[in-house]
Amino acid sequence: MKHNSLESIPALLCGHAEGGYRDGYRWRCRICSSFWDLDSNVIQNYHYDDSYPQARRHLNVDIGELKISSLRRWLKHLNRDHAIRLGVPSERIFDGNNLPERLSESIDLWIFQDSFEHLPKHADFVNWMLRSSAPAAGVLVVAPQAGSFSERMLGRVWPHKLPDHLFHWSKQGLVSFFETRGFKLSAEFNPLKTISLQVVLAHIAHKTGLYNLQGPIERWLPTISFPFNFGEQGMLFKLGALPPQ
Ligand SMILES: [Zn+2]
């Protein structure tokens with residue numbers, strides 16, 4: 001479903017009831033600048049399926065004509081196998097679509113490194129986290145920042161505008177979302193990442209679909225890397241009093 005009609009846009013996930021306004025491809029919150037990406041074909045159904053052609057842009061070209069639904073299943077196993085190879089015990093890996101009511105141990109620190117913006121149902125997931133959080137649990141979030149200088153300057157070519165980032169959170173949006181669930185902002189940091197020219201090229205290929213140029217160009221790039229922050233925010237929240245369930 002393409003959102004040509006503004007009436008069909010779901011409520012802003014930041015929870016600000018004042019609503020939004022159209023700002024180019026974005027449906028932006030008047031209060032906190034978080035936004036929906038109106039270019040996305042799906043807003044309420046985040047899952048990749050065959051009706052989601054942009055998902056193909058995420059695929060390695062070598063995968064060819066594999067159906068997206070098969071690919072999802074395959075990626076899930078691949079991710080799981082990779083985590084197990086890295087040494088994560090398999091009983092500690094969970095399927096997000098089939099979570100237990102609560103975990104057997106309480107969690108001191110939840111880490112969302114480039115992942116909060118991928119969650120299908122933020123509010124449900126954080127409510128689930130609350131059931132298994134230690135009394136002063138922390139939540140660490142590194143995510144693209146709506147309203148950042150690069151986001152406002154670059155518009156559609158902002159590197160974080162991706163088909164599976166349907167909602168972008170501003171700092172104020174994240175703070176108010178977590179505050180209503182009992183988490184207070186405890187620290188902020190500038191999340192620098194080490195990037196190389198190869199990473200920059202891979203992002204350009206990913207955005208443009210020009211994967212067949214990636215290999216030939218990559219051979220000519222020098223191997224240098226540097227610390228960089230391109231419109232990302234880092235925050236640590238701490239659980240205070242548990243909100244009523
Ligand atoms: Zn907002």
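Brief remarks follow.
- Among the residues making up the range 19-38, those that are within 8 Å of the ligand (Cβ to nearest atom) and not in a strand (DSSP E or B) are 30, 31, 32, 33, 34.
- Positions within the range 143-153 being surrounded by fewer than 18 Cβ atoms within 10 Å (Cβ to Cβ) and in contact (Cβ under 8 Å) with a residue 24 or more places away in the chain, in sequence order: 149, 150
- Residue within the range 208-226 that is within 16 Å of the ligand (Cβ to nearest atom), surrounded by 15 or more Cβ atoms within 10 Å (Cβ to Cβ), in contact (Cβ under 8 Å) with a residue 12 or more places away in the chain and part of a helix (DSSP H, G or I) present: no
- Residue 114 at pLDDT 60 or above and either among the polar types (S, T, N, Q) or closer than 25 Å to residue 202 by Cβ (or both): yes
- In the range 172-211, the residues that are more than 19 Å from the chain's Cα centre (by Cα) and either acidic (Asp, Glu) or closer than 20 Å to residue 157 by Cα (or both): 179, 196, 197, 198, 201, 205, 208, 209, 210, 211
- Members of the range 124-176 found to be basic (Lys, Arg) and part of a loop (DSSP other than H, G, I, E, B), listed by number: 161
- The range 177-188 - residue that is crowded, with 19+ Cβ neighbours inside 10 Å and part of a helix (DSSP H, G or I) and, of those, nearest to the ligand (Cβ to nearest atom): 177
- Hits in the range 2-32 - residues which are among the charged types (D, E, K, R) and either modelled with pLDDT of 90 or more or touching a strand residue (DSSP E or B) at 6+ places or on another chain (Cβ under 8 Å) (or both): 18, 22, 23, 26, 28, 30
- Given (1) more than 24 Å from residue 39 (Cβ to Cβ); (2) within 16 Å of the ligand (Cβ to nearest atom); (3) part of a loop (DSSP other than H, G, I, E, B); (4) hydrophobic (A, V, I, L, M, F, W, C), index of the condition residue 103 fails: (2)
- Index of the failed condition, residue 201 passing every other in (1) in contact (Cβ under 8 Å) with a residue 60 or more places away in the chain; (2) outside any loop (DSSP other than H, G, I, E, B); (3) in contact with a helix residue (DSSP H, G or I) (Cβ under 7 Å, 6 or more places away or on another chain): (1)
The values are calculated or read from the model by the stated rules, or taken from the named source; none is laboratory data. Just so it is clear, the model here is predicted, and its values are computed rather than measured. Glycine gets a Cβ as well: all are built from the backbone with ideal geometry, and neighbour counts include every protein chain shown.
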